[in-house]
1. I'd like to check something: does segment 53-60 contain any residue that is among the charged types (D, E, K, R) and out of contact with any helix residue (DSSP H, G or I) (no Cβ under 7 Å at 6 or more places or on another chain)?
2. Among the listed residues Ser14, Ser47, which satisfies the condition of being in contact with a strand residue (DSSP E or B) (Cβ under 6 Å, 6 or more places away or on another chain), more than 20 Å from His86 (Cα to Cα), crowded, with 17+ Cβ neighbours inside 10 Å and touching a residue at least 12 places away in the same chain (Cβ under 8 Å)?
3. Provide a single number: the residues in segment 32-51 that are in contact with an Asp or Glu (Cβ under 8 Å, 6 or more places away or on another chain) and part of a strand (DSSP E or B).
4. Output the residue which, of all residues in segment 157-173 that are part of a helix (DSSP H, G or I) and basic (Lys, Arg), is surrounded by the most Cβ atoms within 10 Å (Cβ to Cβ).
5. Please state which one of Leu54, Leu70, Leu29 is within 30 Å of Asp100 (Cα to Cα) and in a helix (DSSP H, G or I).
6. Of Leu8, Leu103, which residue is outside any loop (DSSP other than H, G, I, E, B), out of contact with any Ser or Thr (no Cβ under 9 Å at 6 or more places or on another chain) and surrounded by fewer than 18 Cβ atoms within 10 Å (Cβ to Cβ)?
Amino acid sequence: MKVDGKPLIVVFVSGTVPLETWARIFASLRENGLDAIYLAMGYSLDSLEVFDGLHDYSVFTYPNLNQTNLSTARGIHYYPLLSDLHTPKIWVATVQPGYDDTLQPSREGQVQDRLNGDFYRSTWEAAIQSNPDWIFITSWNEWYEHTNIEPGELYGDQYLKITREYADLWKEK
């Protein structure tokens with residue numbers, strides 16, 4: 001994917017590296033003709049000093065996703081007004097059908113029940129309400145974390161239908 005002719009780089013767990021380090025890495029890449037659009041993971045507005053936008057991989061741990069999305073979206077959309085460079089930033093809301101890593105021996109065993117599609121719907125509603133530039137879906141086929149929306153025996157094509165319904169609602173907005 002490209003944005004304004006530049007490749008999009010979505011950085012996973014970007015918060016594990018200090019912003020100063022990312023700034024040096026991106027400056028070095030740009031000096032060598034390797035410019036891109038970089039998205040940080042997580043909703044820390046401080047990351048916008050270095051990154052071109054924000055996303056998150058998993059949203060089931062936010063106690064109030066509606067409020068989290070709205071406040072993050074507001075910070076991102078108004079960021080150019082407060083910045084010396086006035087550069088617009090990208091707000092990417094995330095939706096996911098559920099989560100269950102109890103089958104992974106190295107994981108803590110976090111679970112977000114799918115609630116027969118209602119959890120997925122609630123994340124879509126929170127995303128759409130925040131007026132995102134884009135929406136990321138976690139994920140198509142990660143069966144081992146139980147975030148898959150790919151058709152299968154357990155849910156059939158239920159999650160594809162929900163995706164179509166809400167994608168259409170988002171496009172209408």
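1. Start the filter on segment 53-60 by keeping residues that are among the charged types (D, E, K, R), which leaves 56.
From the residues that got through so far, the ones that are out of contact with any helix residue (DSSP H, G or I) (no Cβ under 7 Å at 6 or more places or on another chain) too are 56.
Yes, segment 53-60 contains at least one residue that is among the charged types (D, E, K, R) and out of contact with any helix residue (DSSP H, G or I) (no Cβ under 7 Å at 6 or more places or on another chain).
2. Working: Ser47 fails: more than 20 Å from His86 (Cα to Cα).
Exactly one residue qualifies, and that residue is Ser14.
3. Going through segment 32-51, the residues in contact with an Asp or Glu (Cβ under 8 Å, 6 or more places away or on another chain) turn out to be 37-39, 41-43.
Right, trim to part of a strand (DSSP E or B) and you get 37-39, 41.
Here the count works out to 4.
4. Step one: list which residues in segment 157-173 are part of a helix (DSSP H, G or I), which gives 158-172.
Still in the list and also basic (Lys, Arg): 161, 164, 171.
Working: Lys161: 14, Arg164: 11, Lys171: 7.
So, considering only residues that are part of a helix (DSSP H, G or I) and basic (Lys, Arg), the one surrounded by the most Cβ atoms within 10 Å (Cβ to Cβ) is Lys161.
5. On the way: Leu54 fails: in a helix (DSSP H, G or I); Leu29 fails: within 30 Å of Asp100 (Cα to Cα).
So the residue among Leu54, Leu70, Leu29 that is within 30 Å of Asp100 (Cα to Cα) and in a helix (DSSP H, G or I) is Leu70.
6. On the way: Leu103 fails: outside any loop (DSSP other than H, G, I, E, B).
Among Leu8, Leu103, only Leu8 is outside any loop (DSSP other than H, G, I, E, B), out of contact with any Ser or Thr (no Cβ under 9 Å at 6 or more places or on another chain) and surrounded by fewer than 18 Cβ atoms within 10 Å (Cβ to Cβ).
The numbers here are math on the coordinates, done by the rules we state, and not lab data. Since the structure is predicted, the reported quantities are computational estimates derived from the model, not experimental observations. Note that we place each Cβ from the backbone using ideal geometry, even for glycine, and neighbour counts take in every protein chain shown.
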